[in-house]
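Presented below is the structure to which this report refers.
The values are calculated or read from the model by the stated rules, or taken from the named source; none is laboratory data. What you see is a predicted model, and the numbers here were worked out from it, not measured in a lab. Please note: Cβ atoms are built from the backbone with ideal geometry, for glycine as well, and neighbour counts cover all protein chains shown. What goes into the accessible areas is simple: the full protein's heavy atoms, side chains included, and nothing from ligands, DNA or RNA. Shrake-Rupley method; radii C 1.70, N 1.55, O 1.52, S 1.80 Å.
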Amino acid sequence: FLVPLIALVFMSVLNSGNVSGIFIWLVKYPHIFFLNYLLLFGIINIFILLPFRVYLTTSSIFLISFSILGFISRQKMAIKGTPLLPSDIFLIKEAFKVAGSFSSIYIYLTLFCLIAIFIILLLLKYTPKDKYKWSSRVVISLLSLTLLFNFYFNFGFIQKAFGLQTINYSPKINYEQNGLLVGMILNTQNLNVDEPIDYRPDNIEQILRNLEAAYEVEPDFKPNIIMVMSEAFWDPLLMTNVTFSQDPIPFFRSLQQTQTNGILLSPVYGGGTANTELEALTGFSTHFLANGVIPYAKYINKPLEALPFILKRQGYAATAIHTYDNWFYSRNRVYEKLGFDKFISKEFLNQPEYKGQYIRDTELTKKILTAIQATEQPDFIFALSMQAHGPYPSEENPENTISVACDTLSPSGQAILSNYVNTINDVDKSFAQLIQELEQIEEPTLVVFFGDHLPLLGEDYSIYKEAGFISGDNSYQDYQNIYSVPFVTWDNYSTSKKYYRLSANFLGSLTLQLAKKDGGPLMDFLSLFLGEDMVITNPKYWGQEEISPLMLEHYKILQYDLMFGEEYAYQFQPENRPWENKNFMLGEGATIINGVDFTDDCLFIQGENFVEKHTVYINGNPVKSHYLDAQNIKTPGLKNIKSGNKLRVQVKLVDSQQNVISESNNYVFESP
């Protein structure tokens, strides 16, 4: 009876980060505290039939495991602003990659494991012989089985009996009220999206009847469209209590004076970039899905209406560029479903310039310009930066040129903020370079530049609180402050200028409007409501924005139809149905070997689209390779190749997950 209680206390204290939290929870919600205890009782005591030493060992393993679960949830809250969620199981690779930036996490986890091993060894050596009777063991084991059975099969009844409420608008508050384990079970129930009550073909037909873009469309006008989603880009001057020695984003600010710009309400804070990305590319709202879920990891399994497909129907080439791993957030799979022709990730960049621990945005600018020049078609390019991604060191970089002053900021907070603003100052310079280069290209071009979310400045919004930017009272003003990022546009064909306040799901529709291009069922639907102030917020705040309930209902139905349902919309608009994207590729083009020469114990390989990280394989085995240029690679030191040997030569590119993401044809060569 005691071990489950200890496990619950340890897990709760590590999850909340303080001892007082568990007493507050026990006083406010004693019945829910007891329910979490019953769940742990069932999990741990199902093994009580085992020999006593083995039972205590398994109990210790469970105790340590649940403590680690609470610790991981707390660390995720500190790093990304949300606790551990059931959907995070689909992001294991990403979690390890992010954790690599926070070495202290690995140190603490190692300590947990060492303590666990030590406790288990002590138990095995010093635990006395078992004095319990089999009858009591059987009773406790059956009780545990009964509890687990009811949690699994009758949780709906338990939910009603204990008055459980899922706090969808805040995972943090959900866990504070329901506990980590029960809170996760409640969140798990939301992973499956329920079919809307009024989801029928006739309702879809009524929504789409006579639906067309609510703006002027010019079929013969095809400007290049470049969307740049800048990692953690934000306007620090909004912190009015902080003094900066100079404006960190002067070029961005200058465009705000002459070009269409505004505020974008992001669905995420501090992380979860893929959700802002999904909303901008598809028009889907993640607020209609379970809180904290990343649709890229779970839901994108078929071709979906998105800007790449929409624009390809109108003659565009569609390219995605990202200065990070191709597999992160499953982009290597998802981009195919969204209609991109190619995805150029960091693996395909030759000797990229780094600024800190991430690739500098100047490399992104180079690839955007190269992509435009590589096609005769108009281009749609979606480019994602990485340079401004956290964490930001808590010791100030001596090379910083912009200083920060604020009486209420701690020294570490001031250093973090200083390091961040100097980083985005360099990002701003790369953005300026992009626009300056585009001004030299005599093609109509539209650029939409926006942040994905606010930077993660300290644990639990600490720097924002210290600077007085938010009060921490969960008010709607705090919500708007912490989820609003800036965006700006640039084009070389119009003179109009407007200011918008939009949520990210309207950005794709606005982009089509500015480019005068046709949309699809959802984008055209959104264009009907696209005004200078139109946001879909966290459901908790729908009342403050006075969003039309009928609009929300139609929006939900149409999104469900396209994302999960029978796609009735394409029965009424078959010309807009996305197709199987069989020509999708990673990299700038297919890797091809055209010829091989053997001279002075070196194999010289001629071909197309070689990159620095390509490796040569001879008869299936990797050999030492030297990248010369995009058309030439050599493999030196091949002294054991005899005259007349037939060699099967191939070039492959392997990513950090050991997946082959690019491979050439097999070229059979007979050595002279």
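So here's what we get for this one:
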read-out: Qualifying positions in the stretch 583-603 - of a type in the set (Val, Ile, Thr), surrounded by fewer than 18 Cβ atoms within 10 Å (Cβ to Cβ) and at pLDDT 95 or above; value: Ile592
read-out: Search result, residues across the stretch 637-665 that are farther than 30 Å from Phe328 by Cβ and touching a Lys or Arg at 6+ places or on another chain (Cβ under 7 Å); value: Gly637
read-out: Selection status of Gly543, assigned to a helix (DSSP H, G or I), open to solvent by 10 Å² or more (accessible area, probe 1.4 Å) and either farther than 30 Å from Trp579 by Cβ or without any contact (Cβ under 8 Å) to a residue 60 or more places away in the chain (or both); value: yes
read-out: Answer residue from the stretch 546-570, given it is under 18 Å from His287 (Cα atoms), in contact (Cβ under 8 Å) with a residue 40 or more places away in the chain and among the hydrophobic types (A, V, I, L, M, F, W, C) and is surrounded by the fewest Cβ atoms within 10 Å (Cβ to Cβ) among those; value: Phe564
read-out: Residue within the stretch 193-216 that is of a type in the set (Ser, Thr, Tyr), surrounded by 15 or more Cβ atoms within 10 Å (Cβ to Cβ), assigned to a loop (DSSP other than H, G, I, E, B) and free of Cβ contacts under 8 Å to residues at least 60 places away in the same chain present; value: no
read-out: Residue count, the stretch 274-326 (criterion: part of a strand (DSSP E or B) and among the hydrophobic types (A, V, I, L, M, F, W, C)); value: 4
read-out: Cross-chain or 6+ apart pairs with Cβ under 8 Å, the stretch 414-426 first and without any contact (Cβ under 8 Å) to a residue 24 or more places away in the chain, then buried (at least 24 other Cβ atoms within 10 Å of the Cβ) and not in a helix (DSSP H, G or I); value: Gln414/Val404; Ser418/Val404
read-out: Subset of the stretch 468-482 [closer than 11 Å to Tyr541 by Cβ and open to solvent by 30 Å² or more (accessible area, probe 1.4 Å)]; value: Asn474, Ser475, Tyr476, Gln477, Gln480
read-out: Residue under evaluation Val616, criteria (1) of a type in the set (A, V, I, L, M, F, W, C); (2) farther than 30 Å from Asp194 by Cα; (3) loosely packed, with under 15 Cβ neighbours inside 10 Å, criterion not met; value: (3)
read-out: Residue check for Pro219: touching a residue at least 60 places away in the same chain (Cβ under 8 Å), in a loop (DSSP other than H, G, I, E, B) and closer than 25 Å to Ile300 by Cβ; value: no
read-out: Segments classed as helices (runs of 4 or more DSSP H), wholly inside the stretch 421-536, with at least 3 members that are of a type in the set (A, V, I, L, M); value: 507-515, 521-527
read-out: Qualifying positions in the stretch 174-192 - under 23 Å from Leu552 (Cβ atoms), open to solvent by 30 Å² or more (accessible area, probe 1.4 Å) and assigned to a helix (DSSP H, G or I); value: Gln189
read-out: So Phe162, is it surrounded by 18 or more Cβ atoms within 10 Å (Cβ to Cβ), within 25 Å of Leu14 (Cβ to Cβ), at pLDDT 85 or above and not acidic (Asp, Glu); value: no
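This table checks each residue for (1) closer than 28 Å to Asp460 by Cβ; (2) surrounded by fewer than 18 Cβ atoms within 10 Å (Cβ to Cβ); (3) at pLDDT 95 or above.
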{"position": "Thr243", "(1), (2), (3)": "yes, yes, yes"}
{"position": "Ile249", "(1), (2), (3)": "yes, no, yes"}
{"position": "Arg253", "(1), (2), (3)": "no, yes, yes"}
{"position": "Thr260", "(1), (2), (3)": "no, no, yes"}
{"position": "Ile263", "(1), (2), (3)": "yes, no, yes"}
{"position": "Ser266", "(1), (2), (3)": "yes, no, yes"}
{"position": "Gly270", "(1), (2), (3)": "yes, no, no"}
{"position": "Thr273", "(1), (2), (3)": "yes, no, no"}
{"position": "Glu279", "(1), (2), (3)": "yes, no, yes"}
